[in-house]
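Worksheet for the structure shown next.
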Amino acid sequence: MKKAISILLTLCMVFSCFSIGFADVDTTDTETEKVCECENIPIVYVPGFGAGLYLNPESDDRKAVYPPSATDIISAIPSLLFAIIGIATGNEALFGKAAVNAANKLLAKLSCDDNGNPIYNTSIDPFEYPEYDIHQNVTNDITDRSFDFEYDWRLSPLDNADKLKDFIEHVKLLTGHRDIAIMCHSQGNTVVAAYLEEYGNEGVEKIAFLSPAYQGISILGSLYRKEADISGKADELLGFITSVMGESDGTNAVSVLLKILNKTGFTGGLLNFLQKYLSSQFDLIFSECLAPAFGNLAGTWTFVPDEYFNDAIDTMFEGRKDAPILDKIRYYHDNVQIKLPEIIQETMDNGTDVIICAGYNISTIPVSLTPAVHSDFLIDTEYMSIGATVAPFGKTLGNSYKQAVDCGHDHVSDDMLVDASTGAFPEITWYFSGLSHSEFPEDYYIFLNTFFFAEEKMTVSTYEKYPQFMKKDKNGNIVPVGVTEETDKDVFGFLSSIFSF
Ligand SMILES: [Zn+2]
Ligand SMILES: [Zn+2]
């Protein structure tokens, strides 16, 4: 017994010596694992929707299914022609059937089953972990320090977050850095939000949420509720096209032509004519094509905003509410999408520097039942900013408008289009007038570089040249929104004055 105790004591002493010895260096340090404490922080980039998907990706005859291959597009052409013939001959049923055929030719191979698993052997290209080291070519440019994460956009962000976790661990081992930064764009924000919910912020020094889809997209919510309406949208279509072209004064040839077509009633008549076909056949297109092709794609459900969610589930999963994938779709909605403000707040409280960047002053695509709103053409500014107050598109908040929440700073834009004070994080959310969804002009990169390489926490009041509201000017430069630029924003007024010549 005595002997046993002394052996135990000896073991304890030996073990504690080792512990002290190890504590001097790092507990994660081994001979093979490098540790780098330099300031060149690696950046993990999580891009938006759209990675290429392939049928039989591992085989020699791998075939692109997204984006659709030329062969698939060609095979859909006869059906498209029949759809056009249907419209030309007033045969609504022919239009509907042909449209469904054409869409299914392009979409069928992407489908997933009720468990959310791809029906066909489809996925992104076989994934290879990067092997280059940022230290070989260190510059102060985020693109030289980025490691791009790829994911299958059809799958749940929670499943992709698990893969992101492995990717981040790989980047840490490869570079020897214990801390990394994250930059995410569009749908990539849903994956990062899911990652933070699952794994927390440990080892994540900075995050830039760019053009985020994490609160959804109203046009997608509408579509998933089986709503599509283009009738009476001629002015909104004009507003959309001119704002996407960055032609807010509407002086170029396309804008003037579109305005003439609007004034003469041509566009309105055409849209109303097409709407007649859409209305009579949309039930068929929805049930035969959209619901089977997209319903089980959990990744696309992240695009449905909370206020559309329950109706969209009822519509898309009509008659099959027991589909197992619904659990995953609901889990993301309940625990990530609607808890996002708490997730980001906790991330910041635990020491991660965060910024959010959203575009505005571009109309949404005018296809839903509600009026067009401010967006980066795709995602609503209100959703990207998690709750900013945004003027109706084509109008201002009004000259007598008062900031809704008084925090001691000015959070209303000089162009009177946005009140950032009602957003979840007004001190770290930037707004870019005229910057469209996937646009990364050089100045925008410089702004992002400033964030990633700043020693201190960056807010909208840190740098005079980077205030809360910025604008892409005619030369593509990013400049602060100025008071004098207000007249630029009145698209319709300006166009009307030109048309009266
Ligand atoms: Zn280093
Ligand atoms: Zn404030």
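The values are calculated or read from the model by the stated rules, or taken from the named source; none is laboratory data. Just so we're clear, the structure is a prediction, and the values are computed from it rather than from any experiment. Methodologically, a virtual Cβ is constructed for each residue, glycine included, from the backbone with ideal geometry; neighbour enumeration extends over all protein chains shown.
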Filtering segment 67-83 down to residues that are free of Cβ contacts under 8 Å to residues at least 24 places away in the same chain, assigned to a helix (DSSP H, G or I) and surrounded by 14 or more Cβ atoms within 10 Å (Cβ to Cβ) yields Leu80, Phe82, Ala83
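Here's the yes/no breakdown for (1) at pLDDT below 95; (2) outside the structural domain of Tyr224 (by TED's automatic domain parsing); (3) over 27 Å from the mean Cα position of the chain (by Cα); (4) among the β-branched types (Val, Ile, Thr):
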| residue | (1), (2), (3), (4) |
| --- | --- |
| Gly268 | yes, no, yes, no |
| Lys276 | yes, no, yes, no |
| Ser287 | yes, no, no, no |
| Asn296 | no, no, no, no |
| Gly299 | no, no, no, no |
The condition of being without any contact (Cβ under 8 Å) to a residue 12 or more places away in the chain and either crowded, with 18+ Cβ neighbours inside 10 Å or on the phi > 0 side of the Ramachandran plot (or both) holds, among Gly269, Gly319, only for Gly319
Applying the selection to segment 374-390, what residues are buried (at least 22 other Cβ atoms within 10 Å of the Cβ) and farther than 18 Å from Gly48 by Cβ?
-> His374, Glu382, Ala388, Val390
Test for Ala64: is it assigned to a helix (DSSP H, G or I) and more than 30 Å from Arg178 (Cβ to Cβ) | no
Would you check if there is a residue in segment 375-383 being over 18 Å from Phe240 (Cβ atoms) and aliphatic (A, V, I, L, M)?
-> no
Would you point out which residue out of Phe447, Phe440 is in the same structural domain as Thr242 (by TED's automatic domain parsing) and in a helix (DSSP H, G or I)?
-> Phe447
When residues of segment 95-147 are limited to those that are of a type in the set (Phe, Trp, Tyr) and within 16 Å of ligand 1 (Cβ to nearest atom), the one farthest from the chain's Cα centre (by Cα) | Tyr132
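Results for (1) buried (at least 23 other Cβ atoms within 10 Å of the Cβ); (2) outside the structural domain of Cys184 (by TED's automatic domain parsing); (3) within 16 Å of ligand 2 (Cβ to nearest atom), shown as yes or no for each residue.
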| residue | (1), (2), (3) |
| --- | --- |
| Thr364 | yes, no, no |
| Thr370 | no, no, no |
| Pro392 | no, no, no |
| Gln403 | no, no, yes |
Reported set for segment 37-60 where residues are within 16 Å of ligand 1 (Cβ to nearest atom) and touching a Ser or Thr at 6+ places or on another chain (Cβ under 6 Å) is Pro42, Ile43
Quick one: count up the residues across segment 228-246 that are closer than 24 Å to Lys471 by Cα, of a type outside the set (A, V, I, L, M, F, W, C) and crowded, with 22+ Cβ neighbours inside 10 Å.
-> 3
Restrict the check to segment 385-407 and report whether at least one residue is without any contact (Cβ under 8 Å) to a residue 24 or more places away in the chain, assigned to a helix (DSSP H, G or I) and either away from ligand 1 (no atom under 16 Å from the Cβ) or within 21 Å of the chain's Cα centre (by Cα) (or both).
-> no
Matching option when the condition is surrounded by fewer than 17 Cβ atoms within 10 Å (Cβ to Cβ) and under 20 Å from Pro212 (Cα atoms), among Asn449, Asn475 | Asn449
State whether the residues of segment 41-48 include one that is closer than 27 Å to Glu318 by Cα and touching a strand residue (DSSP E or B) at 6+ places or on another chain (Cβ under 8 Å).
-> no
Among the residues of segment 411-433, is there at least one that is in contact with a helix residue (DSSP H, G or I) (Cβ under 7 Å, 6 or more places away or on another chain), of a type in the set (S, T, N, Q) and either outside any helix (DSSP H, G or I) or within 10 Å of ligand 2 (Cβ to nearest atom) (or both)?
-> yes
Quick count over segment 172-213, residues being surrounded by fewer than 24 Cβ atoms within 10 Å (Cβ to Cβ) and of a type in the set (Phe, Trp, Tyr), is 1
Can you find a residue in segment 362-370 that is more than 16 Å from ligand 1 (Cβ to nearest atom), at pLDDT 95 or above, farther than 24 Å from Thr450 by Cβ and not small (Gly, Ala, Ser)?
-> no
